[in-house]
Every structure is written in C-alpha cells, then in structure tokens.
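Notes follow the structure.
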Amino acid sequence: MSSTIDFAIDLGTTNSAIAKASHAGVEVFKNPLDLKQTLPSVVGFRRNRIIVGDKARELLGKDPDNVFGGFKRKMGTSESFFVNSLSETKTPIELSAHVLRELKNFVHSGEELNSVVITIPASFDTIQSNATKKAGYEAGFEEVVLLQEPIAACLAFVNKGDRSEKSGHWIVYDLGGGTFDVALASINEQDLKIVDHRGDNFLGGLDFDHRLVTDVFLKQIFVVPELAYLQKEYEDRTLNFRRLYQILLLKAEEAKKQLSVKESVDVEIEIQDEDGIEQEVILMVTRDQFNTCIQEKLSYTLTLVEELLADNNLETSDIKQVILVGGSTYIPRVQELLQMRLKTEVNTSVDPTTAVAVGAAQYAAGKQKKLKVSTSTENNYETTSQLQAKVSYPKSSMDTEEVLLVDFEDDLEDHFYRIRREDGGYDTGIIKASSKIREFLTLAPDRLNNFKVEILNSNHEPVGTNIPIISILHGKFSIDGQPLPHDICIEVDDLENKRTKLEVIFPKNSILPLNKTIYREVSKTIYKDGEDKLIVNVLEGDLYALPETNQTIGIIEIDPAKLDMDLVKGSDLEIRMEISESRDLRVCVYLSQTDQEFDQVFNSSEKYVSEAKLEDELSLLVHKIRKDLREKETQADYDGAATLKEYLSEAMLIEEEFALMKNTLSGDEKYHISERKRRLAQKFDSLNKDARLTKLRIAYYELKESVRKQVETHPDESVKAKFNNIISSENEAVKGQSIFLIEELIKKLKVLRSDIYINSDEGIIDLYYQLARINNSMYKDKKLADSLKDQGQKALERQNYKELKVIAFNLHHLLPEMKENSFLNNFKGTGVG
Amino acid sequence: MEAIIGIINQVHEVNQKLETKGDLINVSRNISRIKHHLEELGYTFHNPINEDYNDTRTDCEANIIGDFTEGKMYISKVIKPIIFTETNNAPNIIQKAVVIVEQKPE
C-alpha cells in the first residue's frame, strides 16, 4: 500500500471529479455509468431512493423539494435543505458526503480509499473548510487534507512546464458551467500561494447557451412565415414552446462546441408549424454572432480580473501568465479577450475541465499519509462476512422490465442496496434495504442484461453477499425452446476453386424461431436472355460437408426471363431467411440492382429438387470420383481404387437414370435420383476425409513455420500483425472437421507470403529473373516483352527496384492466362458469391 | 470510435426524417444494411422513442419538459440514440440517448 495519499477530489459547485496520481501519471477516473470524468454535484431523494449525479441533475428545478444542487455555496452555514419525501432536513455537509461517496464508486481499481485530498474554493473560510472536511469523514474517509482549487490548478500547470521561468504572479481564470472564479497566485521556487480572489456564483457556460438560443436561434425562427406563431407561444411559455426550447438548448450547446473550431455552423432542426407539419429550418450561426452574445458576460469577468489586480496594486504587466480552468475556457473568444485586455500569455496546456483534480492528485502524490494501515479485525470481519440471500428472477424475457426478488436470511437494519446494469444503462440509486427486496429491472433490448446487486452498510460501503450477477436475456426465447438438429446453410460459389461451398446461416442447436438477413454479391453476370439462373439453395446437414451431401430444404431459382434487366456480377444480393417454430422456411431474395423481390415459403415436409442443379451436381460428382480414382491407381492403392470404382459405377448409373427421367413424365423420379445422389456424395465425402484433413493440417503447419521465419525478420510491424491475425483463427480451423476452413487459412498464409516476397527487393529481383528467362515467344506481345526485359536489365543495374517491380508486373501481364481444366470451365455455380 | 458514433447519429437522424416525411419504405433496406454493417463492427443502437421514462434509466440523458410525475413520464423525442458496443461479450453503452421527456397525454 502506498505511503502517500495519492487520491484527490475536486468537489465542485456544479461538477466534481476524482483522480489518482501514480508513477505513470494522473488518472482522472470515469463514471462507470457513462464514462464521463465528471459527476454533477446534485443529490436527489426520490421516494425511498438516493440518486446522485446526472439523473438528479435532470430533476433539478423540477422537484425542488427533493433534489438539490449548488449546496457547496451553503457549506459552513446554518442553512439546511428540507427533503419533502423523507420529511427530514439534510445539511450541505450531508449532501456533499453523498457526492463524495458516489465519486468513490468511480475508482475501478478496487483500492481501499481511506485518505484523500479535497479541493475547496480560495474564498472558503475556516468554518466552510471544516465543513468540507466533515463531509469527507461522513463519506467514510479517515483522513482528509484540503487544498485550495486555484493552487491545485497552478500545480497542474507548474508540473507541465518550467517553474523558474514563470516565477511571479499568475491569474487563475476559472469559468465553468455555472460559476466563475478568478484568483491571483504568487509562485516562486519555494512557495505557491493564493494572494486574493474574486468570483460570481451565477455565471457560466449555461448562460451562453441560453443567450445563443434567445439572441440568435429564436430570432431566425420567428421570421419563418410558417413558424411566426411561435412568438406568441414564447410569450405564453406554452408546453409546446418549452419542448422546442429544450431542443434548441441542446443544439446551442453542440453549436457552441463546434464554434470553438469552426467559423460558422449550420444547425438543422425540424419544427412543427401551426398545422402540425414539420418544417425544416436551417439556423446559421457564426462565431462573430456567438461572440456578440457572450460579450457582455465575458466583459464582466474581465472587469473582476482588473479589479482584483487593482486591489492588489498590480499592473497587467506584473502578471506572468493566465492559466485557464473550467470547460467554458475552451471558447476562443475567452482566450482572445484575456490576451487583449491583460496583454499576457494565456496558458492552455492542461485540460481545463480536469485541471483542478489533476493538480490536486499531484499534490496528493507528495503528501504522506498520517493514517496507519488499518489492521482492525472488526473491519476485516465486515468485508469477509457474507450476507446470505435467495434470489428469484426470470432468465429471459420479452418484456421491457422484469422483477427481481431478493430474500435475505438476516435482518438488514441500517443497510442499503443499489442495483446497476453492467452496461451503465440502469441504476436504482441507493435505497434503504429490508429483508425482502423487490425491484423492477429495466432491460436493454435484444441482448444479455447483467445486473450487479450491491448491499451497502450504513456508510454506503459494499458488504459481501452470495448474490450472483443477475443475467436476463431480453428479446430471445428461453433456451428451453426447440433447437435445430442440423446446421442450416446456403450454397455459395467459390470461384477460385470453381466449386460451391456452404455458408452457415443458422448453426446446429440454434433456438427456433430464427431469422437472419445476409448480404452477398452476384458472382456472375446473369443475362436476361441467357440460360443461367440465380440459385439460392438452402440446405440442412453438416456445415463442414460438401454441399451436395446436404439436404435441400428450400430453393429459389430465379429464371433470367423474370429479371427486369441483366443482373450484373458484383451487384448486391439480400437474402432473408426465417424459420418458424413449426419449421416452415421462408426465403426472400432481393436484387438491389433490379429492385426485384422473390419470396417463397417452403414447408419442410416437401423436398425441393432443381433438375438443372441435380444434373450439374451429378457431373461434378462423377468428375471428382474419377480424379480420386486416378490418384489411387497412381499410388497403387488398389483397395481404395476398388471402392472408388464402385462409387463411379453407381454415379454413372444415377446419371443414366437422370437422362431417362428427362424423357418420362414421372414427377417423383427426380426426388429418388436426388436422394441416391446425396447418399453417394455422403459416402464419397466421408471416404478418406480424415486422411485429407491430416494432409491439410501438416501442410498448414509447415507453411506457417516457413512464413513465421520471414515475418520475424521483417521490419514492418503491420506484417507481423497480419500474420498474428491469420493464425489467431488456427484453433477453430485446425481442430475442426472442415476442409474448407483449413484451406482458407492456408490460402491466407500464401497471400501473406507472396505479399512479403513481392514487397522485398530480393523477391522482386527473383521474380524478374524468372520472367526474363521465359522465351519471348511465350508472351502475348513479343516486341513489348523484349523491350520490357531491356528496361528491366537497366533498372537492375541502377538498383532501382521500384521501377523493376513495375516492369516485372507488366511482363507478368503479358503472359497468357493459364489454361484451366476443361471440366471446371463448365462450372456454373449458383450465382451467389 | 467518435467517427462511428457520428455516423450512427446521422443514420438515426436520416431514419427519423424518413419516418416523418420521407420515403421510408424505399430506403429501409439501405438503413437495415447500414445497421447490419455497424453490427459487424460491434455497434448496435436503439431508439427509445415513446418508451416509459423514470430516473433509474441511466441509458438516457433526459431534458424534462413540464413537471416530473413518477410513473407518468415518456420519451417524446429522441435527439440521439443509445449506442451499444460489445467487448469480450459484455455489452457497454458508449452513448446515452439524448431525449426529451414529458408527461404522457391523459
């Protein structure tokens, strides 16, 4: 455990933050609920719940009897806040303690937080300072060290630059969301102190947003004839107008941020006219207009700065620099005016929104803890003992909220609870606990919702329980539903290998009903007057098997004559599939180029056989068996060859039957033939599958090692990243049963290897020599080849390998394309890429 | 990530415009397609329009119009949608919805 305090809290009037300094620098912790670095200093008491931060701020002004902000201004006074819902009063200290406790929750590292530095305004007197300390103790801190906010800010800037050069007087100009403070600091080698300060508790960025709405936006809206009626609504402050005003305020805040970097901004908004018709209005606001809006307020802040200097008998020339604190100092006009009026350097090197917290954490890092490490057994008991509870909740739901019941064995007097959703979208706030807790949990749609239930002691510190993470799946039926017995795939073209392959849509054991849309491209141009069809074939079976071994459960064959125009290769294809609980399959194919939709429902009790496809598959099967048979005969594997001969005769028999079927009118015959084909294909596929897989696995590992050697010595980090990316899917592919997956992996490695080769000087020289050795008569254009070889030789002599690369590529293009196997040239495929 | 958030907010706005006066049916495919690709990148979003609102909803930044009456509030306008991302199978909200909240009409 560190011997220094390290943690610091900027307990602000409007917003607060918590930071920690370590060797690595300062970390400003983020709210686990929304990842913002600041927490609005607002506390609400709603029915039996305590809410702190953003949710409470939303209700500020809406529920003034129960929601309180700005209580920092009342620290150290006898003023208190009567909470209507509790019928009791809360002091500013108690309210501040709630904010401090909430900030403790931001610390994700799980460290024990006993000591802390808390910042206070320079204007705080002893009573106010002590009140802040007390709030710290109430929040559970055992040691609280106070630090003035402007000093903290100065520290953040000092630690960024050279202190000796900047010795003298600094102005700390702090313009936040709702308050303005200016302090005069004196800084030298040894000392950093605040000499004097001024401030206005009711001036900040929010005022600027209001001015932008009233002075710019509304004026432009009222001159639109259809929207002129809003002027009257504005005067009457109607509900309709207040809704519009809120939207305009949000737009103003966004425009304000953009105007910090842009000269003008267009704000688009849709407003209903008197007849309820949406009118689109574009509000233009320039930086000049914005500057005019805020001029008066900014001028007032500068007057306070000048007064501060005058009261301390200082000239602007006595000021070494002005440092900026608070989000509103991002506005360029603020910096311009300061520079103009004070003629002094304005330092913006530290993030103004977190400067105070950062500086305070740097101070905390050098501050020794006075507190000894706690060894109290009582304390240990508190954290190790576990409260036992029974929980009850549904594991899945289609509703937007579900009830959680927690039943404790013990009485929970003086305890509280809080339930938060892990994605940050739900928070009950802090609620007084009883032995039975009943809470409605809001669910995020179509996903797994994890809730954490925390039980807190009287100091709002978590205590141990046996309550697990509450997981509720929304939008999906319970896993007790009907699972799919086989994979459902579609058949897509593998153009490179001139074959088709399966792409899984719904894997085995997916729970019905199911629906999914996939997007593919058309893999070949389908001419309207041609014969090729676009085939969307949905199959059931094993996704790792060959397509022809699976059972077609639905097929849409799009006849070219039905197309409105030729369907171009590369155009988009949208395939939507739905399977109902009763296993009806609906396939809907949408062709984006022709804007046509083909929709069909298939009942799983019927089989679907495409004659054209069956013919194709049969000839492919015969071709494959023949190829394997030749291999077996060459390897003198007579047993294997004998089996294949049997398969071949069976396949040829089926082909004959198919030819005969074409001449008969029997409708059932094709189902019979299709089934026979499928069985034969399955037998063929399983034959030697293990041997083929092993062969591929060996090939993969050999290739991987050879590429790894090249990658390890390669200077380019992106090559290493590509390699690691490829091998990251190795486990799934190599351990699985899919030949396609391993082939795919090998292909990726080969591409990477050729990339490395082609991008290296040695590789390109080697490639050039190989091409140069080829006789000119082999090239499509002999003369050009000769001239390129000539140029290549010269480039080689000059060692200009970039030029050599271009020449080598040009030569390569002059080579005739490789002849492909005549059978494969007839590959028709499905048209789905 | 900021660029993706920006794109999602634009898709949300386009969708809203189409719903009120555009030709939503004709472009809904394109919107679905964009959503699909965003999902592939690990981002999903949700428009909470007309949903009930209460102060446990930390997935929204609410701007409340009129009085706040527990149990009677709903989201009447959505300026920005809720954006989720998934890291290591744990969903995370990376943008809270920016919404207007008011009392349900009687």
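Considering only the range A:105-152, how many residues are surrounded by 23 or more Cβ atoms within 10 Å (Cβ to Cβ) and in contact with a Lys or Arg (Cβ under 6 Å, 6 or more places away or on another chain)?
The qualifying residues number 1.
Evaluate the following for A:Q128: is it touching a strand residue (DSSP E or B) at 6+ places or on another chain (Cβ under 6 Å), at pLDDT below 90 and either charged (D, E, K, R) or under 21 Å from A:V356 (Cα atoms) (or both)?
Numbers: touching a strand residue (DSSP E or B) at 6+ places or on another chain (Cβ under 6 Å): no; at pLDDT below 90: yes; either charged (D, E, K, R) or under 21 Å from A:V356 (Cα atoms) (or both): yes.
In short, no.
Yes or no, residue by residue, for (1) in contact (Cβ under 8 Å) with a residue 12 or more places away in the chain; (2) in a strand (DSSP E or B); (3) in the same structural domain as A:I331 (by TED's automatic domain parsing); (4) closer than 22 Å to A:A310 by Cβ:
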| position | (1), (2), (3), (4) |
| --- | --- |
| A:A131 | yes, no, no, no |
| A:K134 | yes, no, no, no |
| A:Y137 | no, no, no, no |
| A:F157 | yes, no, no, no |
| A:I171 | yes, yes, yes, yes |
| A:D174 | yes, yes, yes, yes |
| A:L184 | yes, yes, yes, yes |
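Give the range A:260-309 a look and list any residue that's in contact with a Phe, Trp or Tyr (Cβ under 6 Å, 6 or more places away or on another chain) and part of a strand (DSSP E or B), or say none. Explain how you work it out, then say what you get.
At the first step, the residues of the range A:260-309 found to be in contact with a Phe, Trp or Tyr (Cβ under 6 Å, 6 or more places away or on another chain) are A:260, A:274, A:283, A:294, A:301.
The one that is in contact with a Phe, Trp or Tyr (Cβ under 6 Å, 6 or more places away or on another chain) and part of a strand (DSSP E or B): A:L283.
Starting from residues that are more than 27 Å from the chain's Cα centre (by Cα) and open to solvent by less than 60 Å² (accessible area, probe 1.4 Å), keep the ones in the range A:707-723 and report whichever is nearest to A:K501 (Cα to Cα).
Here is the first cut: in the range A:707-723, the ones more than 27 Å from the chain's Cα centre (by Cα) are A:707-716.
Add one more test, that the residue is open to solvent by less than 60 Å² (accessible area, probe 1.4 Å), and what stays is A:707, A:711, A:714.
Numbers: A:V707: 27, A:V711: 31, A:H714: 35 Å.
Going through the qualifying residues, I end up with A:V707.
The rows are residues; the columns are (1) at pLDDT below 90; (2) within 28 Å of the chain's Cα centre (by Cα).
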{"position": "A:T353", "(1), (2)": "no, yes"}
{"position": "A:A360", "(1), (2)": "no, no"}
{"position": "A:T377", "(1), (2)": "yes, no"}
{"position": "A:L387", "(1), (2)": "yes, no"}
{"position": "A:S392", "(1), (2)": "no, no"}
{"position": "A:T400", "(1), (2)": "yes, yes"}
{"position": "A:V403", "(1), (2)": "no, no"}
{"position": "A:E409", "(1), (2)": "yes, no"}
{"position": "A:H415", "(1), (2)": "no, no"}
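Take the residues in the range A:64-89 that are free of Cβ contacts under 8 Å to residues at least 24 places away in the same chain and of a type outside the set (S, T, N, Q); name whichever of them is least open to solvent (accessible area, probe 1.4 Å).
A:F81
Could you run through the range B:40-69 and say how many residues are of a type in the set (D, E, K, R), within 19 Å of A:K55 (Cβ to Cβ) and open to solvent by 40 Å² or more (accessible area, probe 1.4 Å)? So that I can check it myself, show each step before the final result.
Of the residues in the range B:40-69, the ones of a type in the set (D, E, K, R) are B:40, B:51-52, B:55, B:57, B:59, B:61, B:67.
Okay, now just the ones that are also within 19 Å of A:K55 (Cβ to Cβ), so B:51-52, B:55, B:57, B:59, B:61, B:67.
Going one step further and asking which of them are open to solvent by 40 Å² or more (accessible area, probe 1.4 Å), we end up with B:51-52, B:61, B:67.
So the answer is 4.
Determine, yes or no, whether A:I323 is within 14 Å of chain B (Cβ to nearest Cβ) and at pLDDT 90 or above. Write out each step before concluding.
On the way: within 14 Å of chain B (Cβ to nearest Cβ): no; at pLDDT 90 or above: yes.
Considered against the rule, which asks whether it is within 14 Å of chain B (Cβ to nearest Cβ) and at pLDDT 90 or above, A:I323 comes out as no.
Out of all the residues in the range A:264-282, which are at the interface with chain B (Cβ under 9 Å from one of its Cβ atoms) and among the hydrophobic types (A, V, I, L, M, F, W, C)? I'd like the intermediate steps shown before the answer.
So the first thing to find is which residues in the range A:264-282 are at the interface with chain B (Cβ under 9 Å from one of its Cβ atoms), and the list is A:268, A:270, A:277-278, A:280.
Hit for the range A:264-282 is A:I277, nothing else.
For the range A:744-783, give me each residue that is exposed (fewer than 13 other Cβ atoms within 10 Å of the Cβ), under 17 Å from A:P816 (Cβ atoms), in contact (Cβ under 8 Å) with a residue 12 or more places away in the chain and within 52 Å of the chain's Cα centre (by Cα).
A:K780
Being of a type in the set (S, T, Y) and either free of Cβ contacts under 8 Å to residues at least 12 places away in the same chain or within 14 Å of chain B (Cβ to nearest Cβ) (or both) is the filter here; which residues of the range A:425-464 pass it?
A:Y426, A:T428, A:T442
Being part of a strand (DSSP E or B), within 25 Å of A:Q272 (Cβ to Cβ) and among the hydroxyl-bearing types (S, T, Y) is the filter here, so list the residues in the range B:20-60 that pass it.
Of everything in the range B:20-60, just one residue is part of a strand (DSSP E or B), within 25 Å of A:Q272 (Cβ to Cβ) and among the hydroxyl-bearing types (S, T, Y), namely B:Y53.
Is one or more of the residues making up the range A:323-344 open to solvent by 60 Å² or more (accessible area, probe 1.4 Å), touching a residue at least 40 places away in the same chain (Cβ under 8 Å), touching a Gly at 6+ places or on another chain (Cβ under 8 Å) and assigned to a helix (DSSP H, G or I)?
Initial filter on the range A:323-344 (open to solvent by 60 Å² or more (accessible area, probe 1.4 Å)): A:330, A:336, A:339-341, A:343.
This time we only want the ones that are touching a residue at least 40 places away in the same chain (Cβ under 8 Å), so: A:330.
Remaining after also requiring touching a Gly at 6+ places or on another chain (Cβ under 8 Å): none.
No, the conditions are met nowhere in the range A:323-344.
Of all residues being open to solvent by less than 50 Å² (accessible area, probe 1.4 Å) and of a type in the set (S, T, Y) in the range B:70-95, which is nearest to the other protein chains (Cβ to nearest Cβ)? Just the residue, please.
Result: B:S76.
For the range A:95-104, check the following and say yes or no: at least one residue is within 30 Å of the chain's Cα centre (by Cα), of a type in the set (K, R) and open to solvent by 20 Å² or more (accessible area, probe 1.4 Å).
yes
What is the residue count in the range A:323-370 for residues that are under 24 Å from A:Q148 (Cα atoms) and of a type in the set (D, E, K, R)?
5
Kindly establish whether B:K21 is farther than 30 Å from A:T428 by Cβ, within 11 Å of chain A (Cβ to nearest Cβ), touching an Asp or Glu at 6+ places or on another chain (Cβ under 9 Å) and open to solvent by 60 Å² or more (accessible area, probe 1.4 Å).
Values: farther than 30 Å from A:T428 by Cβ: yes; within 11 Å of chain A (Cβ to nearest Cβ): yes; touching an Asp or Glu at 6+ places or on another chain (Cβ under 9 Å): yes; open to solvent by 60 Å² or more (accessible area, probe 1.4 Å): yes.
Taking the combined requirement at face value, the residue satisfies it.
Only residues in the range A:724-743 that are assigned by TED's automatic domain parsing to the domain that holds A:V711 and open to solvent by 30 Å² or more (accessible area, probe 1.4 Å) count as the first member; pair them with residues that are of a type in the set (K, R) and outside any helix (DSSP H, G or I), Cβ under 7 angstrom, at least 6 apart or cross-chain, and list the lot.
These pairs meet every condition: A:F740/A:K501.
Right, A:Y229: closer than 29 Å to A:G327 by Cβ, open to solvent by less than 80 Å² (accessible area, probe 1.4 Å), more than 14 Å from chain B (Cβ to nearest Cβ) and over 37 Å from the mean Cα position of the chain (by Cα) or not? Break it down into steps so the answer makes sense when it comes.
On the way: closer than 29 Å to A:G327 by Cβ: no; open to solvent by less than 80 Å² (accessible area, probe 1.4 Å): yes; more than 14 Å from chain B (Cβ to nearest Cβ): yes; over 37 Å from the mean Cα position of the chain (by Cα): yes.
Answer is no for this residue.
Among the candidates A:E496, A:E454, A:E461, A:E503, single out the residue that is in contact with a Pro (Cβ under 6 Å, 6 or more places away or on another chain), farther than 30 Å from B:I49 by Cβ and of a type outside the set (F, W, Y).
On the way: A:E496 fails: in contact with a Pro (Cβ under 6 Å, 6 or more places away or on another chain); A:E461 fails: in contact with a Pro (Cβ under 6 Å, 6 or more places away or on another chain); A:E503 fails: in contact with a Pro (Cβ under 6 Å, 6 or more places away or on another chain).
Residue meeting the stated conditions: A:E454.
How do the pairs read when you match residues in the range A:234-263 that are more than 13 Å from every other protein chain (Cβ to nearest Cβ) and open to solvent by 40 Å² or more (accessible area, probe 1.4 Å) with residues anywhere that are outside any helix (DSSP H, G or I) and of a type outside the set (A, V, I, L, M, F, W, C), using Cβ under 7 Å and keeping only pairs 6 or more apart or on different chains?
As it stands, the answer is A:E263/A:T286, since those pairs meet every condition given.
Go through (1) within 12 Å of another protein chain (Cβ to nearest Cβ); (2) surrounded by fewer than 20 Cβ atoms within 10 Å (Cβ to Cβ) for A:G53 and report which single condition fails.
Answer for A:G53: the failing condition is (2).
Regarding A:R630, is this residue without any contact (Cβ under 8 Å) to a residue 60 or more places away in the chain, open to solvent by 40 Å² or more (accessible area, probe 1.4 Å) and part of a helix (DSSP H, G or I)?
yes
Mind checking which residues of the range A:429-476 are in contact with a His (Cβ under 7 Å, 6 or more places away or on another chain) and in a strand (DSSP E or B)?
Selection gives A:I430, A:N449, A:I455, A:L456.
Could you list all residues from the range A:678-715 that are over 22 Å from A:E631 (Cβ atoms) and assigned by TED's automatic domain parsing to the domain that holds A:K632?
Going through the range A:678-715, the residues over 22 Å from A:E631 (Cβ atoms) turn out to be A:678-679, A:701, A:704-715.
Once the filter is applied, which keeps residues that are over 22 Å from A:E631 (Cβ atoms) and assigned by TED's automatic domain parsing to the domain that holds A:K632, the range A:678-715 yields A:R678, A:R679.
The values are calculated or read from the model by the stated rules, or taken from the named source; none is laboratory data. Please read all numbers here as calculations on a predicted model, not as lab measurements. With ideal geometry, Cβ positions are generated from the backbone for all residues, glycine too; neighbour counts draw on all protein chains shown. Just the protein is used for accessible areas: all its heavy atoms, side chains included, with ligands, DNA and RNA removed. Shrake-Rupley method; radii C 1.70, N 1.55, O 1.52, S 1.80 Å.
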